[in-house]
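What follows is calculated from the coordinates using simple rules that are stated; it is not laboratory data. Treat the numbers as computed from the prediction; the structure is a model and nothing was measured. When we count neighbours, we look across all protein chains shown, and the Cβ atoms used for this are built from the backbone with ideal geometry, even at glycine.
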Amino acid sequence: MPLFAKSVFVTCRTKSTRLPNKALLELPNGMKVIEYILGRAKLVGRDYPVILCITLDESDDLLASIAQKEGVFCFRGSTEDKLDRWLKAAQKFNVEHFATFDADDLFCSPDLIRSYLESSHASRFDLTRSSSVVPGIFTYGIKVSALKKVCESKKSLKTEMMWEFFERDPELNIGELENVPENFCRANLRFTLDYKEDFDFFLEIFRNLGCKVELSLDHILRFLENSPEVGRINLQRQMDYLSNQARIIEEERKS
């Protein structure tokens, strides 16, 4: 088994509830959302292999086929327990640090992920986040030794809101990604796919700027500065998204 050391984990499943089969929705150029995501994840660089982390549910069989077609590694694990799925994937591929690239974050920045993997953050912090960026530009960087500790201590299988489990452990070192361009830190935009309005937002971007996976964030942000009405298509959904997260966290704490 190869030693990857540092990798990019694309997390996906087809059984989404708010927007069914969102990973398989088709973009204007004929690509499926997950194909676009994998293409963008590969831009992080050849030194950082992409591993698609999906579930054992047969509904994800198509995702496994897409991973093979796109030339990325695939790991199948727990349907409900995201943390366990990540840990088993890391153990299989001997990964020591990884950056998450959620399959609903079409404009996640390959540059920020590469910056995390190339910097000292991977060894300094157990969990690296970037709290001030537009939602969907950067998710998390994770040290696998810390992930193992979290998995050994957690009492729930409901780990969709995975950062909660890291934050509950006072011994873990949680830090912010450094050297993030100020232009990426905005509170009036949302770059993640959970609702129909989110998909409408992405479609409008692609219709105006094209569907190339290399589409830069600077280009997108300049377009939105000149067309603020596009950014308003899905912005109201951010409150719904945060409320849903809070509900899931509360349910997990009671379980």
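Taking segment 29-62 as the region of interest, how many residues are surrounded by fewer than 19 Cβ atoms within 10 Å (Cβ to Cβ) and either aromatic (F, W, Y) or under 20 Å from T192 (Cβ atoms) (or both)?
Residues of segment 29-62 surrounded by fewer than 19 Cβ atoms within 10 Å (Cβ to Cβ): 29-32, 39, 43, 45-47, 56-59, 61-62.
Narrowing further to those that are either aromatic (F, W, Y) or under 20 Å from T192 (Cβ atoms) (or both): 31-32, 39, 43.
So the answer is 4.
Name the residue, out of K212, K148, that is under 21 Å from A103 (Cα atoms) and basic (K, R). Step through it out loud before you land on a result.
Working: K148 fails: under 21 Å from A103 (Cα atoms).
Answer to the check: K212.
May I ask you to list the residues in segment 1-41 that are hydrophobic (A, V, I, L, M, F, W, C) and either over 25 Å from A90 (Cα atoms) or free of Cβ contacts under 8 Å to residues at least 40 places away in the same chain (or both)? Walk me through how you get there before you give the answer.
Of segment 1-41, the ones hydrophobic (A, V, I, L, M, F, W, C) are 1, 3-5, 8-10, 12, 19, 23-25, 27, 31, 33-34, 37-38, 41.
Hits for segment 1-41 are L19, L24, L25, L27, M31, L38.
State all residues of segment 141-165 that are buried (at least 19 other Cβ atoms within 10 Å of the Cβ) and closer than 21 Å to F93 by Cβ; if no residue qualifies, say none.
Passing the criteria: G141, I142, K143, V144, A146, L147, V150, T159, M162.
For segment 106-147, enumerate the residues that are farther than 19 Å from N188 by Cα and small (G, A, S).
S115, S119, S120, A122, S123, G141, S145, A146
Would you mind listing the helices (runs of 4 or more DSSP H) fully within segment 165-236 where at least 1 residues are among the aliphatic types (A, V, I, L, M) and touching a strand residue (DSSP E or B) at 6+ places or on another chain (Cβ under 8 Å)?
Values: elements: 196-209, 217-226, 228-235.
It comes to none.
Name the residue that is nearest to C12 (Cα to Cα), counting only residues in segment 181-190 that are surrounded by 13 or more Cβ atoms within 10 Å (Cβ to Cβ) and touching a Leu at 6+ places or on another chain (Cβ under 7 Å). It would help to see each step written out before you state the result.
So in segment 181-190, the residues surrounded by 13 or more Cβ atoms within 10 Å (Cβ to Cβ) come out as 181, 183-186, 189-190.
From what's left, touching a Leu at 6+ places or on another chain (Cβ under 7 Å): 183-184, 189-190.
Values: N183: 28, F184: 25, L189: 23, R190: 19 Å.
This residue is R190.
Return the only residue of I113, I137, I142 being free of Cβ contacts under 8 Å to residues at least 60 places away in the same chain and among the aliphatic types (A, V, I, L, M).
I142
Taking the residues in segment 197-239 that are loosely packed, with under 14 Cβ neighbours inside 10 Å, of a type in the set (D, E, K, R) and in contact (Cβ under 8 Å) with a residue 24 or more places away in the chain as candidates, determine which candidate is nearest to K22 (Cα to Cα).
Top of the filtered list is D200.
Taking segment 114-130, which residues are under 21 Å from E160 (Cβ atoms) and either outside any loop (DSSP other than H, G, I, E, B) or within 14 Å of the chain's Cα centre (by Cα) (or both)?
Applying the first criterion (under 21 Å from E160 (Cβ atoms)) to segment 114-130 yields 126-130.
Correct list: L127, T128, R129, S130.
Of the conditions (1) small (G, A, S); (2) free of Cβ contacts under 8 Å to residues at least 60 places away in the same chain; (3) surrounded by 14 or more Cβ atoms within 10 Å (Cβ to Cβ), S65 clears all except one; give me its number.
(3)
Is there a residue being among the β-branched types (V, I, T), buried (at least 17 other Cβ atoms within 10 Å of the Cβ) and farther than 27 Å from R237 by Cβ anywhere in segment 14-28?
Going residue by residue through segment 14-28, those that are among the β-branched types (V, I, T) are 14, 17.
Still in the running and buried (at least 17 other Cβ atoms within 10 Å of the Cβ): 14.
Filter again for farther than 27 Å from R237 by Cβ, leaving none.
Checking segment 14-28: not a single residue is among the β-branched types (V, I, T), buried (at least 17 other Cβ atoms within 10 Å of the Cβ) and farther than 27 Å from R237 by Cβ.
Quick check on my filter: what residues within segment 140-164 are under 21 Å from the mean Cα position of the chain (by Cα) and assigned to a loop (DSSP other than H, G, I, E, B)? Working first, answer last.
To start, the set of residues in segment 140-164 that are under 21 Å from the mean Cα position of the chain (by Cα) comprises 140-148, 150-151, 157-164.
Correct list: L157, K158, T159, E160, M161, M162.
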